[in-house]
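These notes concern the structure reproduced below.
A short reminder: the numbers here are calculations on the coordinates, not readings from a lab. This is a predicted model, so every value here is computed, not measured. No Cβ is skipped: glycine too gets one built from the backbone with ideal geometry, and neighbour counts run over all protein chains shown.
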Amino acid sequence: MLSLKNLLFILCSILSCVRSAAELIHVSGYEGREVKVSCPYGEGYESYEKYLCKNDCGSDDVLITTTEAKKNRYSIHDDKQKRVFAATISDLSHTDAGKYWCGVTRTGKDIYTEVMLEVEQDSCCDHSAKVQRYEESSVSFSCPYESEYQNSLKYICRGNQPSVCLQHALISSDNKQKGQFTLTDDMASRKFTVTITSLTQNNSGSYLCGVHGNTGLDVFSAFELEVKDFQQTSTVMSTINVVPTFTMVEPVRSQATPIPGKEIKGAGGNMNRNKTKTAETEEVIGVADIYEIEDVACSKQRTTKPQSSCQHHDAEQDSVYQNFSNTDDIYCNQI
């Protein structure tokens with residue numbers, strides 16, 4: 001008769017019961033990328049078959065074994081010297097997240113280690129600090145981190161894809177000076193600073209400050225840098241500050257300007273040239289009347305008076321104001 005212990009062992013062998021090791025492996029990956037699950041095993045199991053499975057690890061739940069090397073989106077490699085086999089899942093999707101098992105096949109009950117996989121979107125971040133600078137100036141990004149990351153690798157990259165940020169790092173805490181970039185790490189205040197000097201418009205774009213985690217995904221903070229053309233900005237501002245100046249110009253009179261100090265003697269006495277505009281208008285009308293009187297008077301005197309004054313009038317009739325200085329002019333005006 002089978003004992004209860006033997007019965008349970010048989011049932012577990014049939015149902016592929018899973019026993020989790022004390023250690024829980026956490027792995028994380030990004031959608032569209034790949035993730036590697038590293039599974040250590042004990043000494044003496046180097047030649048045993050290893051595998052990665054899901055759910056209850058039944059025959060249909062096994063994703064790949066070390067006898068296959070590659071299967072669909074899965075690949076596996078066994079480093080027998082380090083006693084670690086690594087299973088890789090490529091082209092991750094959100095549905096790949098969940099619980100997995102690293103298994104070692106042996107007689108009787110297999111050895112299992114639990115794996116928890118998280119899948120995140122390959123973009124960052126919910127908040128991005130926006131910074132504006134001018135060409136040939138400098139800018140500094142301050143990147144805070146938690147105390148547990150004091151001895152971790154720090155770095156900065158361009159773009160907003162965390163999955164490839166470390167591969168394309170512009171500078172890291174392992175190499176603190178590189179071209180335009182300088183990195184300083186203040187562990188006391190738990191923040192590292194990246195400075196970019198001699199800025200050009202080519203430096204504009206998105207940046208990620210990254211802290212490499214020993215487990216799980218790296219931690220990031222995002223910045224958006226805009227580098228402006230200083231000369232172009234100065235030109236625009238000077239154009240805006242230009243205030244147009246208008247000069248009021250006095251209209252040119254069509255009449256000839258009287259010569260100051262001259263006087264015209266008429267029937268009513270002297271006419272002063274320094275009159276106001278209203279008086280000047282009246283004066284023009286008065287002079288016109290004088291010419292009209294002059295014409296009549298001259299025609300009456302044609303038979304007895306020399307014609308010199310009338311001829312003089314004909315030559316100067318285009319001018320409104322006349323300088324009457326000879327005797328004939330005075331004689332015609334008086335008549």
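The label-point distance for T105 and Q231, in a model that sets each label 7 Å from Cα toward Cβ, rounds to 7.2 nm. Using 0.36 nm per residue and subtracting the Cα-Cα separation, the extra length available between V131 and N72 on full extension is 16.7 nm. Test of understanding: extend the Cα→C-beta vector of L166 to 7 Å, then name every residue of the stretch 39-54 with backbone N under 19 Å from that spot. Residues passing the 19 Å test: 39-40. What the Cβ-Cβ distance of E49 and T197 gives, at R0 = 56 Å and to the nearest 0.05, is a FRET efficiency of 0.50.
Give me D for the stretch 105-236 in µm² s⁻¹, whole number, from Stokes-Einstein with Rh from the Kirkwood sum over alpha-carbon pairs, 25 °C and 0.890 mPa s. Using the Kirkwood radius from Cα pairs, D works out to 148 µm²/s.
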